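To keep things clear, I will list the structure first and then write my remarks on it.
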Amino acid sequence: MNTEILGIIVMFVLTLLLSLPLGRYMAKVYGNERTFLDPVFNPLERLLFKCSGINPYKEQNWKQQLVALLIINLIWFFLGMFILLNQSWLPLNPDHNPNQTPDQAFNTAISFLVNCNLQHYSGETGVSYFSQLYLMFLQFVTAATGMAAAVAVFYAFRKGTHQTLGNFYNAFVKSITRILLPISIIIGVILILNHTPMTFEGKQQMITLQGDTTYVSTGPVAAFVPIKHLGTNGGGFFGANSAHPLENVNYITNMTQMIAQMLIPFAMVFAFGQFINRRKLGWTIWCVMTVGFLILCIPNIIMEMNGNPNITAMGVSPALGAMEGKEVRFGTPSSAYWSIATTVISTGSINSMHSSYMPLSGMNMLLAMMTNCFYGGCGVGILNYFVFIILAVFVSGLMVGRTPEFLGKKIEAREMKIAMIVALLHPLLILAGTALAAALPSQTASTLANPGFHGFSEMLYEYTSSAANNGSGFEGLGDNTPWWNISTGFVLILSRYLPIIGPVAIAGILSAKKYIPESAGTLKTDTATFGFMVFAVIVIVAALSFFPALTLGPIAEYFGMG
Amino acid sequence: MKQHILPAIRLTLVLMILCVGIYSLLLSGFARLTPEKGHGEKITDGNGRSYYANIGQRFDTAIYFNSRPSAVAYNAAGSGGSNKGPNNPEYLKEVQQRVEDFKQKNPGTLIPADMVTASGSGLDPDISVAAANAQVVRIAAARKLSQQAVQQLVNKSIDRPFFGPQKINVLKLNIGLDQLSH
């Protein structure tokens, strides 16, 4: 068991050690400073911008940035719909998979567009290789979209008063060329060296040692998986996602994928501190996020290692822990670690089946997505956290009787309204969606895989995962129905774009305000006290509003255990 | 508004060339250089037939080390777990049945959790060391081999990675077992 705990600690420490230099590098990239890779990337980017007729140095205000962001996203959506509805005759379809139905294509296109990857299909039968490659393209560009939106917020907090926040296309393209693409190639090479398939051939026949005939799905897996994690997308190449032995071959690939998905969310926080020249603030944010992560993660590891008491009561040895839905090569501790890492961050890839976890482990995964800002997704994680900072600044301002200020900018009614709308949208979408689904058993009852409280948790999980743009699921849910495809589709759109528009708007408004130099009366935002304050706001706003729903699901299930 | 549409379409096209075309070609090219040419690891048995080393196979006869229960019956053109909740009464009945079956086949041994629960992928290529040890007596009797010889094979097959759990690839173990019997 010791090598397993050691494995987890090494994963976490390695992620931190790699994210520090990466964060410094990212701050330089976004600040248009010189880096050692300029000779390679400068000509490449010049070519890309020239071909697309874009001037990357044209300053844009926050409204222009958002318009650019939304328009290019809309184009990707239409393209995605077209490809998914026509994949049967498009090239690269050796297994002759059929077209998706309109409601399924809508859900698939949206969920990849918003960096969620809910996947109401199975990779082996639901998409062609051509569609897989387009979805892979979306995994690159949607991650970069989130990062570019975060960079707009970075720009707003440079010292002084600014009307503009840099250029969307510049930050967007550089996120791909200088960060996502090179790291993906390195990860791809590691995966190939560890026997991950990279081929365009279709299913292969295999006669087993015992004499059964079976067909084995393979594909360009080693290209798909790196960006799936690095961009915190999480959409699996195969139905079983990273539990599949060709998608996640051994413990080394498991560590690689785990580190890849946490890397940019970590680095983004450090890049923020570096960019605005307040490194201590970066560390404070990271520490609060880490406390939140560990509070959810450690209990899951312990609960899963203890095993399912119902099964232990049958005389089964609990030494391996709760093994339903888990793979022997990962073991329970690193599976449980993954279950929280993938839910605090909006990856949503899985290396074990979340539905089969112990009830309170399932609750922790739900809480991780309900807070949605402990690290969080590529770029958007720090945006979500930023909203809570604004709220905490306001609350603490009221408590001590000072004008609320953050980094030299006064926070006033308009910004507060936007922050509150964004913060309350998340519980609204999750709770209203689940309530509707529970009130319409004609649409949903037959789709549940488990009876009782666990069935309720399946529905709650589906909407939470959609609203957090996470993409994991209690996968027993038969979610490829018009109800689930369309209702979660709309939750996905709202929960992606409003939490991007809100923080960027706040940042734009703050940026244009007069800069007030720090004085003795300024509320310090890089202290442990303020970190605690933000944490408290997150717990009160995010976690407590979900308590009644959690009581009906995992908590009731826990107390009902035999 | 309008000045964004055309650049966005053009940027999408050039980025597709970069992120799909060049990126996939680079990795495909690298995969071609490896001994397995990007097809995944294969192993060959004594009769020269080759298998995917990492795709679990159904082994349920007495003469082979059995693999884990699978929610997709080891159909490698699909994948997935049972997704049953830990308190689902029907599921627990199923596990109880597996426990009885395992006890009947391997009387008097410890029952390891991996042998009565389905894996996440349904294609788990491995079993735990405890799961292999629990089947040694049965295998030795069914194959008319000494327990010691079978136990030695098990011990030899244990994969001890630097990080993570110890495990045994069932296919490799069973190929070794066939060779031992010859």
Exercise. Restricting attention to segment A:44-74, and to residues there that are more than 8 Å from chain B (Cβ to nearest Cβ) and polar (S, T, N, Q), which single residue is surrounded by the most Cβ atoms within 10 Å (Cβ to Cβ)?
Worked result: A:65
Seminar exercise, completed: Filter segment A:4-28 for residues that are buried (at least 17 other Cβ atoms within 10 Å of the Cβ) and within 12 Å of chain B (Cβ to nearest Cβ); the one that is farthest from residue A:182 (Cα to Cα) is A:4
Problem set entry | Scan of segment B:33-92 for residues that are over 17 Å from residue A:244 (Cα atoms), among the hydrophobic types (A, V, I, L, M, F, W, C) and surrounded by fewer than 24 Cβ atoms within 10 Å (Cβ to Cβ), ordered by number | B:33, B:43, B:59, B:62, B:63, B:92
Exercise. Is it true that residue A:108 is within 11 Å of chain B (Cβ to nearest Cβ) and either at pLDDT below 95 or not in a loop (DSSP other than H, G, I, E, B) (or both)?
Worked result: no
Problem set entry | Residues (at the interface with another protein chain (Cβ under 7 Å from one of its Cβ atoms) and of a type outside the set (A, V, I, L, M)) located in segment A:192-219 | A:195, A:197, A:199, A:203, A:208, A:210, A:212, A:214, A:215, A:217, A:218
For this session: Return a yes/no flag: does segment A:290-302 have any residue that is closer than 21 Å to residue B:162 by Cβ, within 11 Å of chain B (Cβ to nearest Cβ) and crowded, with 20+ Cβ neighbours inside 10 Å.
Result: no
Exercise. Is one or more of the residues making up segment A:122-142 within 14 Å of another protein chain (Cβ to nearest Cβ), surrounded by fewer than 24 Cβ atoms within 10 Å (Cβ to Cβ), of a type outside the set (Ser, Thr, Tyr) and farther than 29 Å from residue A:268 by Cβ?
Worked result: yes
For this session: List the number of the failed condition for residue A:327; all other conditions in (1) on the phi > 0 side of the Ramachandran plot; (2) surrounded by 24 or more Cβ atoms within 10 Å (Cβ to Cβ) hold.
Result: (1)
Problem set entry | Checking residue A:196 against (1) surrounded by fewer than 20 Cβ atoms within 10 Å (Cβ to Cβ); (2) part of a loop (DSSP other than H, G, I, E, B), the condition it does not meet | (1)
Exercise. Taking segment A:29-43, which residues are away from chain B (no Cβ under 12 Å) and in contact (Cβ under 8 Å) with a residue 40 or more places away in the chain?
Worked result: A:29, A:30, A:31, A:32, A:35, A:37
Exercise. Does residue B:20 satisfy being without any contact (Cβ under 8 Å) to a residue 12 or more places away in the chain, facing another protein chain (nearest Cβ under 7 Å) and either hydroxyl-bearing (Ser, Thr, Tyr) or in contact with a Cys (Cβ under 8 Å, 6 or more places away or on another chain) (or both)?
Worked result: no
Exercise. So which helices (runs of 4 or more DSSP H) are wholly in segment A:459-562 and hold at least 1 residues that are surrounded by fewer than 16 Cβ atoms within 10 Å (Cβ to Cβ) and either within 14 Å of chain B (Cβ to nearest Cβ) or among the charged types (D, E, K, R) (or both)?
Worked result: A:556-559
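The values are calculated or read from the model by the stated rules, or taken from the named source; none is laboratory data. A quick note: this is a predicted structure, and the numbers were derived from the prediction, not measured. So basically every Cβ, Gly included, is an ideal-geometry build from the backbone, and we count neighbours across all protein chains shown.
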